[in-house]
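Participant: Can you read through this structure? Questions will come right after.
The values are calculated or read from the model by the stated rules, or taken from the named source; none is laboratory data. From a predicted model like this one, the values you see are computed outputs, not experimental measurements. To get the accessible areas, we keep the full protein, side chains included, count just its heavy atoms, and leave off ligands, DNA and RNA. Shrake-Rupley method; radii C 1.70, N 1.55, O 1.52, S 1.80 Å.
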Amino acid sequence: MCTAVLTAAALTACSAETVEADDAKPTATTSGSTNPSGAPGGAPEEAGLPLVEVIGSIPVAEEQRTGYERDSFKHWVDEDGDSCSTRAEVLLAEAVTAPEQGARCSLSGGSWLSYYDEVEVTDARKLDIDHMVPLAEAWDSK
């Protein structure tokens, strides 16, 4: 979730007004085509497939939950040994107003801004910090 939130923040910070004329996307590929590749500088002559064909080429299969056990995945570990779990680390990093940090990294106070609806949250217990994709779904889709 941290990555998603940070990515959302970066995308939110960008706007059409900040793009300068020199930053415009190319309108032709190196082969002279008028179809933009979407990549800066255009596409090489051996460019890939159109998006609809790429999506159509993604393999589709039944998901397999065989072997999945939630307990096999660590939950809110303290990876760097500083007494703060991953959840607390994200809350500290994403705070608009820093929370007080007590014994064993217990957090109180602070505020966070939702990048999605610009709502300010002052109760960290109301914030979800989770995976971009639920573990079971990732396991099923392997």
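Participant: Could you look at region 45-142 and say what percent of its accessible area is carbon and sulfur, using a 1.4 Å probe and all protein chains? Intermediate results must be reported in sequence, preceding the final value.
Facilitator: Working: 4080 of 7730 Å².
Answer for region 45-142 is 53 percent, counting heavy atoms of protein chains only.
Participant: Return the long-range amide H neighbours of Leu107 (sequence gap of 5 or more, or a different chain), with a cut-off of under 5 Å between placed amide H atoms.
Facilitator: Gly102
Participant: Length gain on complete extension for the stretch Glu63 to Asp123, per 0.36 nm per residue less the alpha carbon to alpha carbon distance?
Facilitator: Details: separation 60, 0.36 × 60 = 21.60 nm, distance 3.71 nm.
Full extension of this stretch gives 17.9 nm more.
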